[in-house]
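*Asks:* Here it is, the structure, as C-alpha cells.
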Amino acid sequence: MDLYIPIIVLGVLAFAFAGGSVAMAALTGPKRWNRARLDAYECGIEPTPQPVGGGRFPIKYYLTAMLFIVFDIEIIFLYPWAVAFDRMGLFGLVEMVLFIVTVLVAYAYIWRRGGLEWD
C-alpha cells in the first residue's frame, strides 16, 4: 500500500487544485451579466442563424478529427518505442517500420482524396 500513497496524494492535490480554481473563479469573477456576455462567442463574427434541431456539419470536420486521432495514436506508440529502442533490437525496428508504413498509407489515402484541403 505504501507504493500507492504518492499516487493518492497527487490525485488529491489535482482535485483540490481543480476545485479551488473553480471556487476562486466563482468568488472573484465579475457578477454583472449583460446581453453581450450571454451571447455565444464567435470571434467577433455575427452568429449565423441555426436551424431549430441544429445544423448539419460538413463531413470534412469529422475527417479532420479522425486524421488527428490517427496521428495522435501514432505518437502515443512512437514515444514508448523510442524509450525502449535499445532493448528491442532489430525486432522492435521492423515492427515500428511496419507500423509507420501503415500510418503513411492512411496519410497518402487521405491526401489523395483531398482530406487535407480546405475549400
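*Asks:* Criterion first (under 25 Å from the mean Cα position of the chain (by Cα) and modelled with pLDDT of 85 or more) does Ile110 satisfy it?
*Replies:* Answer is no for this residue.
*Asks:* Give me the pairs: first residue in segment 55-84 and within 13 Å of Ile110 (Cα to Cα), second residue surrounded by 10 or more Cβ atoms within 10 Å (Cβ to Cβ), beta-carbon distance under 6 Å, and six or more apart or on different chains, which are they?
*Replies:* Between residues of segment 55-84 that are within 13 Å of Ile110 (Cα to Cα) and residues that are surrounded by 10 or more Cβ atoms within 10 Å (Cβ to Cβ), the close pairs are Leu63/Gly115; Leu67/Ile110; Val70/Ala106.
*Asks:* Moving to a separate point now. For segment 83-119, name all the residues that are among the small types (Gly, Ala, Ser), surrounded by 10 or more Cβ atoms within 10 Å (Cβ to Cβ) and in a helix (DSSP H, G or I).
*Replies:* Result: Gly92, Ala106, Ala108.
*Asks:* Continuing with the same structure: Out of segment 14-35, which residues are open to solvent by 80 Å² or more (accessible area, probe 1.4 Å) and in a helix (DSSP H, G or I)?
*Replies:* Phe15, Phe17, Val22, Met24, Leu27, Thr28, Arg35 - these are the residues of segment 14-35 that are open to solvent by 80 Å² or more (accessible area, probe 1.4 Å) and in a helix (DSSP H, G or I).
The values are calculated or read from the model by the stated rules, or taken from the named source; none is laboratory data. Everything quoted here is computed from the prediction, not taken from an experiment. Using ideal geometry, Cβ is built from the backbone for each residue, glycine included, and neighbour counts are taken over all protein chains shown. To get the accessible areas, we keep the full protein, side chains included, count just its heavy atoms, and leave off ligands, DNA and RNA. Shrake-Rupley method; radii C 1.70, N 1.55, O 1.52, S 1.80 Å.
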